[in-house]
Amino acid sequence: MKRILILDGHPAAQSLSRALAETYAEAARLAGHEVRLVHLHELQFDHDYAEKKPLEPRLDQLIEDLAWSDHFVMTTPMWWDGVPAKLKGLFDRALLPGRAYDPRKLSRLGIPAPLLTGRSARVVFTSDTPGWFLRLVYKNALIWQLRRQVLEFVGLKPARFTHLGPASQAQPSQVTRWLEQMRLLGAAAA
């Protein structure tokens, strides 16, 4: 059984990302996994980086939960070939030196040592961009950024990705299939 941290990375209270995250969480719990679920829209944090300051208690708890977990799952929409600004702000604010990586210990390439090793990750993202266009034209930029420059940078690997789309005008039958896919992933803690 795994300890799983799930982050609903949509800034709105109601969204497809939330439904996907909650479906995954429910299936994982039913399969006997220990689950903690966080909704981005509930997190309040200061976006001012002009001076060093302590993390807000909820962000501090999020990093504690990440350190507690064996597996990290994040659901998010893709907006403008990236993640929503509040989610990016969360990375900037919470994945700090000394907590997520160690800038004093560098690899031969000059890369800081990750501090969250031994954990896997799954990102489920929605978009209206067809998968072929995402691969051929956008060169999987969102996947590259999240895998290499966020998740693996802090030690979460392997990092796997699931793309669901087109999402904005998805038919109820398609959403039902996506939720079933999330149930399967959650039960397997994949």
State, to one decimal in nm, how far the label point of Ile111 lies from the label point of Asp70, with both points 7 Å from Cα in the Cβ direction. 2.6 nm
DSSP beta bridges in the chain, what fraction antiparallel, as a percent rounded to 5? 15 percent
Going 7 Å from the Cα of Arg58 along its beta-carbon direction, which residues of segment 24-39 have the amide nitrogen within less than 14 Å of the resulting point? 37-39
Dipole axis of the chain (+1 Lys, Arg; -1 Asp, Glu on Cβ), positive-most option in Pro57, Leu95, Leu134: Leu134
Round to a whole number: what % of the accessible area of the chain belongs to carbon and sulfur, probe 1.4 Å? 55 percent
List every residue whose amide H lies under 5 Å from the amide H of Arg160, counting only residues 5 or more places away in sequence or on a different chain, with H placed 1.01 Å from N in the peptide plane. Ala121, Arg122, Val123
Which one, Glu22, Glu51, Glu152, has the greatest fluctuation when you compute a Gaussian network model over the chain with C-alpha springs under 10 angstrom? Glu51
Averaged per residue, the 1.4 Å probe accessible area of segment 48-117, protein heavy atoms only, in Å², is roughly 57 Å²
Using each residue's phi in segment 69-82, evaluate 6.51 cos²θ - 1.76 cosθ + 1.60 at θ = phi - 60° and report the 3J(HN,Hα) Karplus result to the nearest Hz, with x for Gly and Pro. 6, 9, 9, 10, 10, 10, 10, 7, x, 9, 10, 6, 6, x
Could you tell me how many degrees, from 0 to 90 and to the nearest 10, lie between the Cα long axis of helix 16-30 and the main elongation axis, the longest principal axis, of the Cα atoms of the chain? 90 degrees
How far is helix 172-188 tilted, in degrees, relative to the longest principal axis of the Cα atoms in the chain, given as a value from 0 to 90 rounded to the nearest 10? 50 degrees
For Lys88, counting only lysines whose alpha-carbon sits under 19 Å away and dropping same-chain residues fewer than eight positions off, the answer is Lys52, Lys53
Residue by residue through segment 99-115, which ³J(HN,Hα) values in whole Hz follow from phi under the Karplus form 6.51 cos²θ - 1.76 cosθ + 1.60 (θ = phi - 60°), with glycine and proline marked x? 10, 10, 8, 10, x, 8, 10, 10, 6, 4, 8, x, 8, x, 6, x, 10
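Relative to the present Cα-Cα distance, how much length would full extension add between Gln14 and Glu42 at 0.36 nm per residue of separation?
Gain on stretching Gln14 to Glu42: 8.9 nm.
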Sequence order, segment 156-165: Karplus ³J(HN,Hα) from phi using 6.51 cos²θ - 1.76 cosθ + 1.60, θ = phi - 60°, Hz rounded, Gly and Pro as x, gives 7, 7, x, 10, 10, 10, 10, 9, 10, x
Looking only at Lys52, Lys105, Lys157, which one moves most when the chain is put into a Gaussian network model with springs between Cα atoms under 10 Å? Lys52
Using only Cα atoms and rounding to the nearest 10 degrees, what angle (0 to 90) does helix 85-94 make with the longest principal axis of the chain? 40 degrees
Quote the FRET efficiency, to the nearest 0.05, computed for Trp79 versus Glu180 with a Förster distance R0 of 25 Å and r equal to the Cβ-Cβ distance. 0.50
How many angstrom lie between the Cα centre of segment 1-75 and the Cα centre of segment 123-190? 17 Å
Using Cα springs under 10 Å in a Gaussian network model of the chain, which residue among Leu136, Leu59, Leu116 shows the largest mean-square fluctuation? Leu136
When the helices in the chain are scored as -39500 (n - 2.57) per DSSP H run of 4 or longer and the sum is shared across all residues, what 222 nm value do you end up with, to the nearest 500 deg cm²/dmol? -10000 deg cm²/dmol
Charge dipole magnitude, Cβ of K and R +1, D and E -1 - the chain, Cα centre, debye nearest 20: 700 debye
Out of segment 117-149, which trypsin sites (Lys or Arg not before Pro) are coil in DSSP terms and have no more than 16 other C-beta atoms within 10 Å? Lys139
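The values are calculated or read from the model by the stated rules, or taken from the named source; none is laboratory data. Being a predicted model, the structure only gives us computed values, none of them experimental. Using ideal geometry, Cβ is built from the backbone for each residue, glycine included, and neighbour counts are taken over all protein chains shown. Calculation scope for accessible area: heavy atoms of the full protein, side chains included, ligands and nucleic acids excluded. Shrake-Rupley method; radii C 1.70, N 1.55, O 1.52, S 1.80 Å.
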